[in-house]
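Engineer: Starting off with a structure, shown below.
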Amino acid sequence: MSASFENLLYDLDAASGILTITINRPSKLNALNAATIADIDAAVQQALNELAVRGIIVTGSGEKAFVAGADIAELAALTPAQAARAAERGQEAFCRIEESTKPVVAAVNGFALGGGCELAMACHMRVASDNARFGQPEVNLGLLPGYGGTQRLPQLIGKGKAIELLLTADMVKADEALRLGLVNHVVPQAELLPFCQQLLGKILGKAPLAVGMVLECVNAHYAKGTDGYKAEVEAFGRAFDSEDFKEGTTAFVEKRAAVFTGK
């Protein structure tokens with residue numbers, strides 16, 4: 001099953017429930033313009049509403065770039081007010097990914113710079129090919145990250161190192177990104193999508209409601225004005241009211257594999 005978008009590919013494997021969203025502007029190294037961000041947001045919204053979609057992989061077309069940054073020519077023409085709205089729009093789209101209760105994995109297949117690094121960081125997990133490069137080079141242009149980079153990078157790698165990378169605009173190779181905790185795994189490029197599919201497949205074998213609640217509670221820790229511990233208690237109680245909890249505990253006692261229905 002597939003849907004049509006101007007700047008991305010939307011491919012759902014019906015058997016596994018894994019949707020692959022591929023940013024598809026290879027001539028621009030998949031750089032993000034306003035239309036592409038709108039496509040990403042529309043695709044994610046569709047995926048969240050589509051029962052057949054159980055997990056999502058986000059990647060870039062080709063072997064050079066995941067997303068090599070924002071479309072600088074488009075940005076340069078904006079007024080300050082338009083630029084602020086563009087940043088707000090990008091944050092809205094990327095927050096929708098982060099707040100998804102369906103697991104989202106970034107398959108980073110090359111350069112993930114600027115908005116590309118921000119897109120990868122909005123995903124729940126990141127797997128990089130061994131040729132991947134990460135960075136926030138905005139200060140080289142007299143700018144700063146606008147799609148959440150100043151917030152998510154410190155969460156992932158710590159404040160001090162994040163500030164260093166944001167201020168120096170240094171690029172980080174895949175092995176260094178792994179050491180810093182920016183990515184979860186590094187694999188050869190030929191193995192990238194199969195690895196991500198295997199990782200998601202393992203997660204999709206668990207109780208869907210519980211997986212979604214885990215994502216909700218982890219995000220609650222970072223949400224302003226939200227008590228993450230309280231959110232966890234509330235979710236723990238809800239889990240006990242699910243058919244999946246009854247099935248999981250029964251299967252454990254009966255020493256068999258659980259068959260979860262997401263109810």
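Engineer: Select from segment 201-263 those GluC sites (Glu not before Pro) which occupy a DSSP coil region and have at most 11 other Cβ atoms within 10 Å, ordered by residue number. Present the calculation step by step, with values, prior to reporting the outcome.
Structural biologist: Values: sites: 216, 232, 234, 243, 247, 254; in loops: 254.
Listed in order of number, the matching sites are 254.
Engineer: Among 32, 20, 8, pick out the residue whose Cα is farthest towards the positive end of the charge dipole of segment 1-108, where Lys and Arg carry +1 and Asp and Glu carry -1 on C-beta, about the Cα centre.
Structural biologist: 32
Engineer: State the percentage of accessible surface on segment 1-70 attributable to carbon and sulfur atoms; use a 1.4 Å probe and exclude ligands, DNA and RNA.
Structural biologist: On the way: 1540 of 2960 Å².
Carbon with sulfur: 52 percent of the solvent-accessible area.
Engineer: Which FRET efficiency, nearest 0.05, do residue 169 and residue 35 yield, Cβ-Cβ r, R0 22 Å? Don't jump to the answer; show the numbers that get you there.
Structural biologist: Numbers: r = 26 Å, r/R0 = 1.19.
After rounding, the FRET efficiency stands at 0.25.
Engineer: Roughly what % antiparallel, to the nearest 5, for the DSSP beta bridges in segment 64-215?
Structural biologist: Around 15 percent of the beta bridges assigned by DSSP in segment 64-215 are antiparallel ones.
Engineer: May I have the pair-distance distribution P(r) for the chain, computed from all Cα-Cα distances with 5 Å bins from 0 and rounded to whole percent?
Structural biologist: In whole percents, the pair-distance histogram is 1, 6, 12, 17, 18, 17, 12, 8, 5, 2, 1, 0, 0.
Engineer: Hey, what angle do you get for helix 192-204 against the long axis of the chain, alpha-carbon based, 0 to 90 degrees rounded to 10?
Structural biologist: 30 degrees
Engineer: Where does helix 80-98 land angle-wise versus the long Cα axis of the chain, in degrees 0 to 90, nearest 10?
Structural biologist: The helix 80-98 is inclined about 30 degrees to the chain.
Engineer: What are the extents of the Cα atoms of segment 93-135 along their three principal axes, listed from largest to smallest and rounded to whole Å?
Structural biologist: On the principal axes, segment 93-135 reaches 30, 18, 9 Å in Cα extent.
Engineer: Between 0 and 90 degrees, rounded to the nearest ten: what's the tilt of helix 228-240 against the longest Cα principal axis of the chain?
Structural biologist: On a 0 to 90 degree scale, this one is about 40.
Engineer: Residue by residue, what Karplus-based ³J(HN,Hα) values in Hz, rounded to whole numbers, does segment 43-54 have, using 6.51, -1.76 and 1.60 with θ = phi - 60° and x for Gly and Pro?
Structural biologist: Calculated HN-Hα couplings, in order: 5, 5, 4, 4, 5, 5, 8, 9, 4, 5, 7, 10 Hz.
Engineer: Helix-only estimate, please: 222 nm mean residue ellipticity of the chain, summing -39500 (n - 2.57) across DSSP H runs of length 4 or more and dividing by its residues, to the nearest 500.
Structural biologist: Working: 11 runs with 126 residues, N = 263.
Helix contribution divided over all residues of the chain: -14500 deg cm²/dmol.
Engineer: May I ask you to work out the translational diffusion coefficient for segment 78-185 at 4 °C, viscosity 1.567 mPa s, via Stokes-Einstein with Rh from the Kirkwood sum over Cα pairs, reported in whole µm²/s?
Structural biologist: On the way: Rh = 13.9 Å.
This corresponds to a translational diffusion coefficient of 93 µm²/s.
Engineer: Under the rule of at least 5 residues apart or a separate chain, name every residue whose amide H is placed under 5 Å from the amide H of residue 186.
Structural biologist: 128
Engineer: Alpha carbons only, please: Rg and Dmax for segment 176-263, in angstrom.
Structural biologist: Here Rg and the maximum Cα pair distance are 16.7, 45 Å.
Engineer: Please list log₁₀ I(q)/I(0) at q = 0.16, 0.29, 0.30 Å⁻¹ for segment 1-55, using the Debye equation with identical point scatterers on the alpha-carbon positions.
Structural biologist: Taking Cα atoms of segment 1-55 as identical point scatterers yields -0.46, -1.14, -1.19.
Engineer: Under a 1.4 Å probe, what is the accessible area of segment 134-243 per residue, stated in Å²?
Structural biologist: Numbers: 6600 Å² over 110 residues.
Value for segment 134-243: 60 Å² per residue.
Engineer: In segment 135-261, how many lysine pairs have Cα atoms under 30 Å apart, counting only pairs 8 or more places apart or on different chains?
Structural biologist: Within segment 135-261, the lysine pair count is 15.
Engineer: Keeping all protein chains in the complex and leaving out DNA, RNA and ligands, what accessible area do you get for residue 222 with a 1.4 Å probe, in Å² to the nearest 10?
Structural biologist: Its accessible surface works out to 120 Å², give or take rounding.
The values are calculated or read from the model by the stated rules, or taken from the named source; none is laboratory data. Note that the coordinates shown come from a computational prediction; the quantities given were computed from them, not determined experimentally. Don't worry about glycine lacking a Cβ; one is built from the backbone with ideal geometry, like all the others, and counts go over all protein chains shown. Calculation scope for accessible area: heavy atoms of the full protein, side chains included, ligands and nucleic acids excluded. Shrake-Rupley method; radii C 1.70, N 1.55, O 1.52, S 1.80 Å.
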